[in-house]
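Working notes, beginning with the structure itself.
The numbers here are math on the coordinates, done by the rules we state, and not lab data. Quick caveat, the model's predicted, so the values are computed rather than measured. Here the Cβ is made from the backbone with ideal geometry for all residues, glycine too, and neighbour counts use every protein chain on show.
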Amino acid sequence: KDIDIIVYDEIDSTNTEAKRRLYSSDVKDFTVIVSDMQKGGRGRTGKSFASPKGSGVYFSIILHPKDFYDFSYFDLTTVKAAVAVVEGIKEATGKVAQIKWVNDLFINGRKICGILSELDADFESRSVKSVIVGIGINVNEPKDDSFKDLKDIAGYIGTDVIRNEILSSILNAFYENNYEKKDKEIIEYYKTHSLVIGKDLTFELNGKKYTAKGVDINDKGNLIVDTGEKRITLSSGEVSIKGD
Ligand code: BTN
């Protein structure tokens, strides 16, 4: 299937551009917006996402489901995206990333990819109209000194990797995950590449701090943890791996 890919040399944020274009009549389902750099890359929880020129792959995919979907569609879309990025990076580079729930990707203990999914939804009826899936991957370490603060934090896939190959492999995998593969198969893949299953985790829920073991990912992509006394299902939020 042909998809539209809109390419920029620079932009504020591909997610913001996707939002600006969301309902213009010529935007098809699965339109991709990609930029060589972002001046205002956005991360989750209001953080910024450093997006130096030539160093990463920064893109957003607009999904317009044909019918209105329940919120669980949105949760699974993020799972499908995380799995597609692992698959795409593996195909293009041979490197295998692991997924830290919900959707950060790590290689050798360093974060190499973050995903910011945003939705346009009717909160009363819990139905999703459109989803923007924004994916940022650190490919090569930036040469520019202004990013040296990232040195001890960010990870990079490696130097001799062609960014376009990573992008095309991920887009193919994400397309298959959305329209061809069974959800069950995708969740299985997610689980086998999970960084949190079997680990002691810390997190906050309703203002209370917990330590619990990650035990499973359910069919909605929620994380199930065991405190020793009870099991808790987490549908969103951040967890930390104890000792990291
Ligand atoms: C995170 O790690 O918290 C999520 C980072 C998401 C970054 C990507 S880069 C492409 C797209 N455009 C943005 O402004 N953010 C996402």
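Compute the semi-axes of the equivalent ellipsoid of the stretch 85-141, taking the square root of 5 times each eigenvalue of the Cα gyration tensor, and list them largest first in whole Å.
Taking √(5λ) for each eigenvalue gives 29, 11, 10 Å, largest first.
Under a 5 Å amide H to amide H cut-off, with H placed in plane at 1.01 Å, what residues pair with residue 8 once short-range neighbours are removed?
Answer set, sorted by chain and number: 34, 35, 36.
Taking amide H positions as placed 1.01 Å from N in the peptide plane, with prolines and chain starts having none, which residues 5 or more places from residue 216, or on another chain, fall under 5 Å of its amide H?
Long-range HN contacts for residue 216: 224.
On alpha carbon coordinates alone, what is the Rg over Rh value for the chain, Rh being the Kirkwood radius?
The Rg/Rh ratio comes out at 0.95.
Which value, in debye to the nearest 20, describes the size of the charge dipole of the chain about its Cα centre when Lys and Arg Cβ atoms bear +1, Asp and Glu Cβ atoms bear -1, and nothing else is charged?
Here the chain has a charge dipole of around 600 debye.
How many percent of DSSP beta bridges within the chain run antiparallel, rounded to 5?
Here the share of antiparallel DSSP bridges comes out near 85 percent.
Once every DSSP H run of n ≥ 4 in the chain is given -39500 (n - 2.57) and the sum is divided by its residues, what mean residue ellipticity at 222 nm do you get, rounded to the nearest 500 deg cm²/dmol?
-7500 deg cm²/dmol
Among 30-36, 171-177, 225-231, how do they line up from the highest to the lowest mean number of other beta-carbon atoms within 10 Å?
Descending mean neighbour count gives 30-36, 171-177, 225-231.
Which listed residue (147, 77, 7) has the Cα farthest towards the positive end of the charge dipole for the stretch 1-156, taking +1 on Lys and Arg C-beta and -1 on Asp and Glu C-beta about the Cα centre?
Selected residue: 147.
Relative contact order, percent, of the chain when contacts are C-alpha pairs under 8 Å separated by at least 6 residues?
17
Determine the percent antiparallel among the DSSP beta bridges restricted to the stretch 1-126, to the nearest 5.
If we restrict to bridges inside the stretch 1-126, about 70 percent are antiparallel.
Which one, 47, 191, 208, has the greatest fluctuation when you compute a Gaussian network model over the chain with C-alpha springs under 10 angstrom?
Judging by the Gaussian network model, the answer is 208.
What does the extension gain come out to for residue 232 and residue 162, with contour length at 0.36 nm per residue minus their alpha carbon separation?
21.0 nm
Take the chain, connect every pair of alpha-carbon atoms lying under 10 Å apart with a spring to form a Gaussian network, then pick out the residue of 207, 56, 40 with the largest mean-square fluctuation.
Per the Cα network of the chain with a 10 Å cutoff, 207 tops the list.
Quick test of the membrane-span-like rule: which DSSP H helices of the chain reach at least 20 Å along their long axis (C-alpha atoms) with mean Kyte hydropathy at least 0.0?
71-93
With the Cα gyration tensor of the stretch 1-59 in hand, convert its eigenvalues to equivalent ellipsoid semi-axes via √(5λ) and list them largest first in whole Å.
21, 14, 9
Under Stokes-Einstein, with the Kirkwood radius over Cα pairs standing in for Rh, what whole-number D in µm²/s applies to the stretch 142-244 at 25 °C and 0.890 mPa s?
After rounding, the answer is 147 µm²/s.
Taking 1 over the mean of 1/r across every pair of different Cα atoms in the stretch 1-145, what Kirkwood radius in Å do you get?
15.8
Of the trypsin sites (Lys or Arg not before Pro) in the stretch 99-156, which ones lie in a loop per DSSP and count no more than 12 other C-beta atoms within 10 Å?
Passing both the DSSP loop test and the Cβ count: 143, 151.
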